[in-house]
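Engineer: Take a look at the following structure, please.
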Amino acid sequence: MDNNLLILAPVAGILGLLFAAFLASKISKAEAGNDRMKEIAGYIHEGAMAFLTREYKTLAVFIVVVIIVVGLLINVYTALAFLAGAVFSIGAGYFGMQVATKANVRTANAAQHGQNKALEIAFSGGAVMGMSVAGLGLLGVGLFYLIFKDASIVTGFGLGASSIALFARVGGGIFTKAADVGADLVGKVEAGIPEDDPRNPAVIADNVGDNVGDVAGMGADLFESYCGAIISAVTLGAVVYASGEGVLYTLLLSAVGIVASIIGSLFVRGDEKANPHKALKNGTYVGSIIVLAGAGILSYVLFAGDLKPFFAVASGLIVGTLIGQITEVYTSADFKHVKKIAKQSETGPATTIISGLAVGMYSTMMPILFIAIAILLSFYITGGTENAQEIAKGLYGIALAAVGMLSTTGLTVAVDAYGPIADNAGGIAEMSGLPHSVREVTDKLDSVGNTTAAIGKGFAIGSAALTALALFASYSQAVQLTTIDLLTPMVLVGVLLGGMLPFLFGAMTMEAVGKAANQMIEEVRRQFKEIPGIMEGTGKPDYRKCVDISTGAALKEMVLPGVLAVVIPLVVGILLGPAALGGLIAGAVVTGVLMAIQMSNSGGAWDNAKKYIETGAHGGKGSPTHQAAVIGDTVGDPFKDTSGPSMNILIKLMTIVSLVFAPVFLKYGGLLLNILK
């Protein structure tokens, strides 16, 4: 096998970064609007970048500690890969945020000239984040494998990416939801002023939060999913195919995915009257078709006419698309589930919350069934249970399904990050006093953004399940674990502990949002009471104070959940042994995936039920029904933007920690078992 072709992976990564730089330059040249728009955008940009800077300074301590631990317990090269993964994840978030906070005001200004211009800038801003994620991910993984030709070293890159992703998701989620809850409860419910009203002291923090949570947070989330999927397939491919075609197929397929994402983004075009969602779907479908074609050709060429790897990739890609569609059914106001929540809101917030929880629980069934189908198809198409070699091939097939699902990550992140840019644009339009027609355009883009965000979360959760399973398969190979015996007490304890962890993690992150929101609510109330002329529009709120509250709370509360996700697998692996750690991962994957789907979809459904009522349904804005829906949306905010999306990172981080430290568990694992004996 010609391993010289491996160079094409980092080359494709560089191509993705060049395309991101081109889009960023294009956005910078667009007109930013009047002075008031620039002033408000400046507040948002300053707050977002200040938060990221402080967050990364906090994470520097964690990064240094882990580098030392990995260097001492594993080797220096894996520690170097960890550092690169962390830095690349930080770089993707920083660059994406820089551009997103420039694109928002330019989207608002473009909306004065029509929907198409606004859509183009908002999507381009999201595409910068998307191509940065895919470009840096493939560049890093490709380079480290090209240099060391050792998959175990490349796992360090995945550990770095996963570690930063968890902190970014949790920290960004706490920030954005503390601001959002405070702004909604005091501004919309108590004071009765509109969303994004400049009189609300928390409104800038709310807009900053859209960026740090839904742009940087989601970007980091899919960065680590993307890297984890590629790494698991590379690890298993190296075991199954000694001549290298398994590794080469994975990396070349990922390179095709970047090219497909670039081409697909060029098809995101619509007309003034069409639903923007159609234009976004067009780009996604074009990218997926190109990946399927590339996967088939590569499979035929690299595996001497064998198309089994292609079918594994196709199963993942198709299931990912189906999960996105299912998520839309449960979270979009175009379908009955959200309309049912809106109807239930007529009888108060209690029935709003009950119906939203039920919708989220119902929404777990179909994604789990489709994930199960993808697992079975990819495993049995590529391998089987005849012998160890067939099992390894089947596990490689599951890893390929995860790679297929994430192959168009550049487009997936672009479509997702488009949403908060459009949301920010609406806020800037409102605070700048632009004509109502501008807000109509941005609201239409934003409503689509809510749906694409929900689809993005569903996609991230589905890919997390397959990625975690593929990484778990790599871990089982590393520790020679062929079966997990549930009748063994240590393994059963591991399963129970793993099943509990997502609940503990969810409780900690929900409570963190509650604490931060309380501080925000008290501050907004204080400003309304003590600063003269706020409600009349003659006094100026202290926006900076609210941004500082969200920042401080997020940085303080994100540390413990993030550290636990790294420490618990190490403790269980050393004390209870590799098999018990396998049980821990299995338990965490089951409950984590279910909780992630339920929380994310309940939150998305509550949000869109509120927006559906705001169109005039069931009494419209200001009605008792609307007030009940606002409370449901407020409960759903930390569900869908903090705790729910963090679950998928939790299970992947625990799995990659287990994989990286597998040699330690083989050498020292089972200390407690030895003591008990």
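The values are calculated or read from the model by the stated rules, or taken from the named source; none is laboratory data. Because the structure is predicted, anything quoted here is derived from the model rather than measured. Here the Cβ positions follow ideal geometry from the backbone for every residue, glycine too, while neighbour counts run over all protein chains shown.
Engineer: Taking the stretch 100-131 as the region of interest, how many residues are of a type outside the set (S, T, N, Q), touching a Ser or Thr at 6+ places or on another chain (Cβ under 8 Å) and surrounded by 24 or more Cβ atoms within 10 Å (Cβ to Cβ)?
Structural biologist: Count: 11.
Engineer: So which residues in the stretch 326-385 are surrounded by 22 or more Cβ atoms within 10 Å (Cβ to Cβ), more than 26 Å from the chain's Cα centre (by Cα) and over 22 Å from Val589 (Cβ atoms), if there are any at all?
Structural biologist: Ala342, Gln344, Ser345, Thr352
Engineer: Listed residues Gly419, Gly462; which is out of contact with any Pro (no Cβ under 8 Å at 6 or more places or on another chain), at pLDDT below 85 and either assigned to a helix (DSSP H, G or I) or not acidic (Asp, Glu) (or both)? Before the answer, list the steps.
Structural biologist: Working: Gly462 fails: out of contact with any Pro (no Cβ under 8 Å at 6 or more places or on another chain).
Answer to the selection: Gly419.
Engineer: Take the residues of the stretch 403-426 that are under 15 Å from the mean Cα position of the chain (by Cα) and among the hydrophobic types (A, V, I, L, M, F, W, C): which is farthest from Gly246 (Cα to Cα)?
Structural biologist: By that ranking, first place goes to Ala417.
Engineer: Please work out which residue is nearest to the chain's Cα centre (by Cα), limiting yourself to the stretch 469-495 and to residues that are among the β-branched types (Val, Ile, Thr) and part of a helix (DSSP H, G or I).
Structural biologist: In the first step, residues of the stretch 469-495 are kept if they are among the β-branched types (Val, Ile, Thr); the result is 479, 482-484, 488, 491, 493, 495.
Those left that are additionally part of a helix (DSSP H, G or I): 491, 493, 495.
Working: Val491: 30, Val493: 30, Val495: 26 Å.
Out of the qualifying residues, it is Val495.
Engineer: Hey, another quick one. Just to check your reading of the model, which residue among Ile651, Ile613, Ile597, Ile631 is in a helix (DSSP H, G or I) and closer than 30 Å to Ile574 by Cβ? Walk me through how you get there before you give the answer.
Structural biologist: Values: Ile613 fails: closer than 30 Å to Ile574 by Cβ; Ile597 fails: closer than 30 Å to Ile574 by Cβ; Ile631 fails: closer than 30 Å to Ile574 by Cβ.
Just one listed residue meets the conditions, Ile651.
Engineer: Identify, by number, the condition in (1) out of contact with any Leu (no Cβ under 6 Å at 6 or more places or on another chain); (2) touching a residue at least 12 places away in the same chain (Cβ under 8 Å); (3) under 22 Å from Ile391 (Cβ atoms); (4) hydrophobic (A, V, I, L, M, F, W, C) that Ala473 doesn't meet.
Structural biologist: Of the numbered conditions (1) out of contact with any Leu (no Cβ under 6 Å at 6 or more places or on another chain); (2) touching a residue at least 12 places away in the same chain (Cβ under 8 Å); (3) under 22 Å from Ile391 (Cβ atoms); (4) hydrophobic (A, V, I, L, M, F, W, C), the odd one out for Ala473 is (1).
Engineer: What number of residues in the stretch 107-144 are in a helix (DSSP H, G or I) and under 20 Å from Gly33 (Cβ atoms)?
Structural biologist: Narrowing the stretch 107-144 to residues in a helix (DSSP H, G or I): 107-113, 115-144.
Filter once more, so that each one left must be under 20 Å from Gly33 (Cβ atoms): 107-113, 115-126, 128.
The total comes to 20.
Engineer: Filter the stretch 421-453 down to the residues that are over 15 Å from Gly126 (Cβ atoms) and aliphatic (A, V, I, L, M) and list them by number.
Structural biologist: Scanning the stretch 421-453 gives Ile428, Ala429, Met431, Leu434, Val438, Val441.
Engineer: Which one is nearest to the chain's Cα centre (by Cα), of the residues in the stretch 1-38 that are within 29 Å of Pro198 (Cα to Cα) and in a helix (DSSP H, G or I)?
Structural biologist: Of everything passing the filter in the stretch 1-38, Ala24 is nearest to the chain's Cα centre (by Cα).
Engineer: With the condition kept exactly as written, say whether any residue in the stretch 668-677 is assigned to a helix (DSSP H, G or I), of a type outside the set (A, V, I, L, M, F, W, C) and at pLDDT 90 or above.
Structural biologist: No, the stretch 668-677 contains no residue that is assigned to a helix (DSSP H, G or I), of a type outside the set (A, V, I, L, M, F, W, C) and at pLDDT 90 or above.
Conditions tested, residue by residue: (1) more than 22 Å from Thr101 (Cα to Cα); (2) crowded, with 24+ Cβ neighbours inside 10 Å; (3) out of contact with any Gly (no Cβ under 8 Å at 6 or more places or on another chain).
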residue	(1), (2), (3)
Ala183	no, yes, yes
Arg199	no, no, no
Asn211	no, yes, yes
Thr235	yes, yes, yes
Leu251	yes, yes, no
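Engineer: Scan the stretch 530-543 residue by residue and report those that are outside any loop (DSSP other than H, G, I, E, B) and either at pLDDT 85 or above or among the acidic types (Asp, Glu) (or both).
Structural biologist: Matches in the stretch 530-543: Glu530 only.
Engineer: If you don't mind, there's one more thing I want to ask. Tell me, which residue of the stretch 167-181 that is among the aliphatic types (A, V, I, L, M) and under 13 Å from Glu557 (Cβ atoms) is surrounded by the fewest Cβ atoms within 10 Å (Cβ to Cβ)?
Structural biologist: Residue satisfying both the conditions and the ranking: Val170.
Engineer: Given the criteria farther than 21 Å from Leu222 by Cα, part of a helix (DSSP H, G or I) and more than 20 Å from the chain's Cα centre (by Cα), does Ala41 qualify?
Structural biologist: yes
Engineer: Run Val413 past the list (1) hydrophobic (A, V, I, L, M, F, W, C); (2) more than 22 Å from Met218 (Cα to Cα); (3) in a helix (DSSP H, G or I) and report the number of the one that doesn't hold.
Structural biologist: Looking at each condition in turn, Val413 falls short on (2).
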